[in-house]
1. For Tyr679 and Thr250, what does the FRET efficiency come to when R0 = 30 Å and r is the distance between their Cβ atoms, rounded to the nearest 0.05?
2. Pulled fully out, how much extra length does the chain show between Gln519 and Tyr450, if you take 0.36 nm times their separation in residues and subtract their Cα-Cα distance?
3. Using 0.36 nm times the number of residues separating Leu796 and Val617, minus their current alpha carbon distance, what extension gain do you get?
4. With a Förster radius of 56 Å, plug the Cβ-Cβ distance of Asp399 and Arg321 into 1/(1 + (r/R0)^6) and report the FRET value to the nearest 0.05.
5. Relative to the longest principal Cα axis of the chain, at what angle does helix 37-48 sit, 0 to 90 degrees, rounded to 10?
6. May I ask you to list the trypsin sites (Lys or Arg not before Pro) in the stretch 584-669 that are in a DSSP loop and have at most 11 other Cβ atoms within 10 Å of their Cβ?
7. Taking Lys56 as the anchor, which aspartates and glutamates have their alpha carbon closer than 18 Å to its alpha carbon, excluding any fewer than eight residues away along the same chain?
8. Over the stretch 214-259, what is the relative contact order in whole percent, taking alpha-carbon pairs under 8 Å and six or more residues apart?
Amino acid sequence: MTNKFFKKTIPLLLLALCWGLAVSAQTVSKDFKDTPLKTVLKEVESQTGLSIIYEKKEVDEDKLISQSFKDTPVESVLADVLDKSLEFTIKNKMIAIFTKKETQQRSQATTKSISGTVVDNLGEPVIGASIIVKGTAIGTVSDIDGRFFLTTAPQANIIISYMGFVSAELSVGENTILNIKLQEDTQLLDEVVVVGYGTMKKANLSGAVYQLSSKDIVNRPVGNVGQSLQGMIPNLNISNYSGQATSAPTFNVRGLTSISGGSPLIMIDNIPSSNEDLARLNPTDIESVSVLKDAASAAIYGARASFGVILVTTKSGKSERVQVSVNSFYTARTVGRRPAVITHQPTVMDWKHRMASPWYNLFSDEQREYAERVAAGEASKVRIDPKDPNSYEYYGATDWYDQVYETSSPSYTANVNISQSSDKHNYYLSSEYYRQDGMLKYGNDIYDRYNMRGKGEFIIADWIKVGNNTSFVNTSYAEPMYRGTSYFHNVNRASSLDIPYNVDGTWTSEGANMLGRLQEGGRRDAQTNKFSTTFSLSIEPIKNMLSFKADANFTRSNDNTNAWDSPVIYYAGPTKTSLKGSNPAYAYKENTLSRYNLYNLMADFKHTFAKNNFAQVIVGYSQEDYYYNYWKGQRKNLITTTIPQPNLATGEVTMDNTINTYALRGTFFRLNYIFKDRYILESNGRYDLSSRFEKNKRGGFFPSISAAWIVSQESFANNLVGDYVSNLKLRASYGSLGNQDVSGYYPYIPNMASGTSTWIIGDEKQTVVRPPALVSRNLTWEKVNQANVGIDIVVLKNKLDFSFDAYDRQTIGMLTTGQPLPGTLGAAVPQENAADLSTKGWEIALGWKDKFTVASKPLTYNLRFILSNSKATITKFNNPTKILSTYYEGQVVGTIWGFRTNGFFKDEADVLANAESHKNIASYIGTRPIEAGDIKFVDLNKDGNISRGKNTLDDRGDQEIIGNSRDQFPFSFDMGAQWNGFDLRMYFQGVGKKDFFPAGGNHYFWGMFAQPWANLLESNLDHWTPENPNAYFPRPKAYVAEQDWVEVTAPNNRYLQNAAYCRLKNITLGYVFPETLTRKAGMSRLRVYLSGENLAEWTKLSKNLDPEGLGDNSTVYPFQRTYSVGLNIIF
């Protein structure tokens, strides 16, 4: 029933791959010149759709054919190219070729009908099994009883396959009835997973580990690895806060880590790396990505792994022959969600006029009448101010989004890799070029990236190997100096009444500010060069039992930035000029140099004894050191922008220099014991010494233990569920880790900051050194204890797999402000390990894969759903009064406190009765009293005054919990299908629950309600009037949304946004050309595809905001939708 149900309910998008099947032609058109007969016959198969079978010893495949055919029937073609000693028959889409002698002997035996049944290990029928005549497209599927019927030649072999079983191949021979038993495929359990300092069979894992393969990543045309990982792994939370090319996603494993920060350790080929390093990695270099989520699996990395580990492994050579792969794609990108702006001049003027009341009279009646004429096309958008002949007046209808952003911008990549593997060596060489043009129409930002990698291993003897893994990445990012949060804030603040250019082509004030500074102002050119090389040695004195490994990594990074800025001239009138931008002009250079060295030694002993006992012991030593040197020099009064260098400036010089170092030394171990392949016990641990703490507090030991029971291996389980359950495993773990990234490199050493004084002695500002801050002598590691339980299930012949984990993580001794000190001390309170946090959560992953036959060809499909959640609670914090503006004990992190609204003031009577209670929350009440249409709040504590009280938990006034700002229930749904060379993938990702309250000054949400100088948004039009009392926004009234906790920006349930969303992250349609075609071009595989990213989203969030860009009041580089075409070639 399960199979029949899924067959009938496969999404229509998957079945669309089968639509439009063409009837194969029965003629051949081709010119052959000295072409081997084998190739000719393949061409016949390709053009006619018929399958050809024959005995190779009877047919001269190398015979050269030189003949031309045009719409020639296939019978005539075969008669011309085959030897006279051969004959053929065509029946049931199959051509059988025999010698004449054999034809006479076999007469009626050229084809025969066979039947049979397909069953599993238990003798149960396999429904939908694929039965294909080997080397042909002839086939059928088994019915609901496992039976099948097929016509074939006696000499043919048939291949029987089904998802979750090992394929079988049988010779037909003289048989007319075939009974086939398929064996369960254990590949899922035999999968090798990368773990800390090694690999392990998936079946033997006892910790919470999840792994992706390269095929889950490489088929998406993105230039940033973090984007392709988003939503793919349960509770690996990836946030992209900007659409900028250089923006690196942030990573989090299992929810809030620590109030002092904390992120997972990223290891690329066992080298600690940053999220920027991962973002710059060539996606096609990746072999697998493993995430170690619980303390048991991460403990072997000790001090740096308290909040999970992301292990990225790059590819090695695999093919015995030299394999060359080429991948390339071209992408067109468009700006995603953006506010819709009203630009009709009279409407905008009317709103600005009302919004500025009672302080400003922005437009006279004459100006508003002129605007009507402009809107009607009867007057110019620019005129001389009637009151000032040296000033312009503007009556534009400018949508500044259209002015600032391109309609579309390209990005493209090309990469090539060469690899091979033999019994003496293996190597992998790759190169990549990636370019992304920004979305700015003026002074666009351009990102270029070059990646190179060389990886090889050489087998000197059976017991000794040496290797090297070297990578180099160069990036270049050129952008305008005037770009950042302030710029994107101003994009929606620039008045639509302004225009970019005057009639003579000179910049206007707003044109110079929004466009001129991009095009003619300063530029910033940042170059990054990173080189990393790892030398490795592996010795195995006792094969498959004892090995020793050593590696040394040397990483060097050098970043150089050249930047300058200068003002841009604009005309406010025919002769009235001024400047926008930096004045005076300046130039600066900055350089960052870093050196990183890592040394690892490891011994690995593993042995199976007494038949059922497997033991493994790994011990190792690791040492790393890091050096960082940052330098910046800047000088004002740049004398020329042609060569904008600091030495061509004459003004004040400022210098900055920072040097940091750290070192880490550790010993680690793993003890693993497995009994009867079903009882698993493992312990991992590490002792680390960190230079970040003073000498007597540098050491920390971080142990863990985990256990697993493979229940499905028990005899009683087989008796209960038989082979329907392929794998049932229970897991549990507990471990203790430490977090060393608490506060800079030297948190235990008092720092004396240097700088330039604000006073002048002898006509010069003075260099000063400021008094040191206080530090705590007890500063040490944050401790992270985590317990985890999990279950893994694989059922229905490996079609359905399910995993579930629940965890409890306690972060102890988080760094925060210590106990209050007397004010007479004259110094800030030092930070101490004085806060605790509890994070509890769960995660599930559910997958289904199956296949059935459509038009005699197998259609395989797969579905995967991922869901997780976590909740973080402060369990210790020094806040005795429990002030709500900071952390307090018992607080669920992300809690939003606010007011409950009661609509708007309805009329004058309502104002007279209730306005007095709102006087402390209203804006500018002295000059603009409360009126009908203003927001109204509920007096929850019945004291006659809308307030926050003392803003404490016990005296919170009229506040209540209205929401939570953290991402909750992040999920993804991935589905794919493959049929007859076509492949389709649709990937959805989202957040099930999240609340967002737009802060004061968020012009993208509030528009003119923030200030009259902002743009008028379409959403603003839904405002209160006596005729529209149930509108969304209050009456037109500026500055009610400019500052926090004033009128509408006091967090409240009315404007609290439901920021949950589901986004169509990717849809890809590809086609792999038949080998019969690609082989002729010397290619073993050719795939072309169309793909789109971020194509649609479903959310109740304001349409002015992007659900993934809510940070910084939405003043970020806009997110983009992308449309790509690409190809993958393997030679």
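1. Taking R0 as 30 Å, the efficiency between Tyr679 and Thr250 is 0.15.
2. Here the segment from Gln519 to Tyr450 would lengthen by 22.2 nm.
3. Net length gain for the segment: 60.9 nm.
4. 0.45
5. Approximately 60 degrees, to the nearest ten.
6. Loop-located and lightly packed - Lys611.
7. Reachable aspartates and glutamates: Glu43, Glu45, Asp83, Glu87, Glu102.
8. Here the relative contact order equals 28 percent.
Values quoted throughout were computed directly from the atomic coordinates according to the rules given, and no laboratory measurement underlies them. A quick note: this is a predicted structure, and the numbers were derived from the prediction, not measured. As a convention, Cβ positions derive from the backbone with ideal geometry for all residues, glycine included, and neighbour counts pool all protein chains shown.
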